[in-house]
Amino acid sequence: MNKTLTALSLAAVFMGAGQAQAAEIDVTITNATKNIYFTPLLVAAHSSDIFLFRSGQAAGSEIELMAEGGDIGPLSSLASNAGAVVVGDPAGGILNPGDSATASMDTGDADSLTITAMLLPTNDGFVGLDSWPIPSTPGTYTVRLNGYDAGTEANDELAGSMPNPPFINFGTGGTGVETAVTNDTVHIHPGNLGDTDPEGGLSDISSTAYRWLNPVAVVTVTVK
């Protein structure tokens, strides 16, 4: 049965986990968007028995903190305490559009790879790779990643509901695209709606600057 990691389930999840062939891998994440930013990335290699998030299931509190505010600390601790090999913030901060960051890892007994980072500007959007099976054959593998909605916050697209770093140019006076959560599970993000009114309208996000479509990232995994 699929399991989403929670603090109470860690020990039970890892009991009896199968052994995998250890491998050294380089994981390069490229921000493939035009004008969307990634908060610090979390890259985790772990057992196939566990999941940090699952499409169609409610997000844990650690995913919520990452997706709403870019805080990967609790998620990193959760994964590490579960025995995962974790690389946090390989970009050394924000990953700008078009830029790449690489995490080099010795996967040990881990056989699955998960990647997360908040998408800015969004309410609770994040780039995600969900428990991708790490190949045992040496080579280079490419995966394209979608943006997910954590389902934990309404996508009102208002500046007061999102982080406000200086490199994001928010409008003001929006009334809100959504007023309530319409899907409270992790799901593919529909993208920002935005509008062209910087001092009103529904959204404080510019539709000409910050609209986006999937996929949002390209990941290259080199198995040595």
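The values are calculated or read from the model by the stated rules, or taken from the named source; none is laboratory data. Every value quoted in this text rests on a predicted model; they were computed, and no experiment measured them. A quick note on method: Cβ atoms are made from the backbone with ideal geometry, for glycine too, and the neighbour counts reach across all protein chains shown. Calculation scope for accessible area: heavy atoms of the full protein, side chains included, ligands and nucleic acids excluded. Shrake-Rupley method; radii C 1.70, N 1.55, O 1.52, S 1.80 Å.
Rounded to the nearest 0.05, what FRET efficiency do THR140 and ALA180 give with R0 = 35 Å and r taken as the Cβ-Cβ distance? Could you check? Don't skip to the end; give the middle numbers.
Values: r = 44 Å, r/R0 = 1.26.
The value I calculate is 0.20.
Considering only protein heavy atoms and a probe of 1.4 Å, how much of the accessible area of the chain is carbon and sulfur, as a whole percent?
C and S atoms contribute 50 percent here.
Can you compute the helix-only [θ] at 222 nm over the chain? Use -39500 (n - 2.57) per DSSP H run of at least 4 residues, normalise by all residues, nearest 500 deg cm²/dmol. Provide the component values of the computation, followed by the final result.
Values: 4 runs with 27 residues, N = 224.
About -3000 deg cm²/dmol.
Looking at the calculated P(r) for the chain, what percent of the C-alpha pair distances fall above 33 Å?
16 percent
Pick from GLY151, GLY73, GLY194: which is most flexible by mean-square fluctuation in a GNM of the chain where alpha carbon atoms under 10 Å apart are linked?
With Cα springs under 10 Å in the chain, the top fluctuation among GLY151, GLY73, GLY194 is at GLY73.
In Å², and per residue, what accessible area does the chain have when probed at 1.4 Å with the other protein chains present?
Accessible area per residue, the chain: 43 Å².
Using +1 on the beta carbon of Lys and Arg, -1 on that of Asp and Glu, and nothing else charged, what's the dipole of the chain about the Cα centre, debye to 20?
It works out to roughly 600 debye.
What does the charge add up to near SER104, with Lys and Arg as +1, Asp and Glu as -1, over the other residues with Cβ less than 13 Å from its Cβ?
Values: positive: LYS224; negative: GLU24, ASP26, ASP106.
Neighbour charge sum, excluding SER104 itself: -2.
Going by a ≥ b ≥ c, the root eigenvalues of the Cα gyration tensor, does region 160-210 fall in the rounded group (a/c under 1.5), the prolate group (a/b larger than b/c) or the oblate group?
prolate
Cβ under 10 Å from TYR148's Cβ, TYR148 left aside: what net charge do those residues give with Lys, Arg +1 and Asp, Glu -1?
In short, -3.
Given Cβ point charges of +1 (Lys, Arg) and -1 (Asp, Glu) and nothing else, what value in debye, to the nearest 20, does the dipole of region 53-154 about its Cα centre take?
Here the size comes out at about 260 debye.
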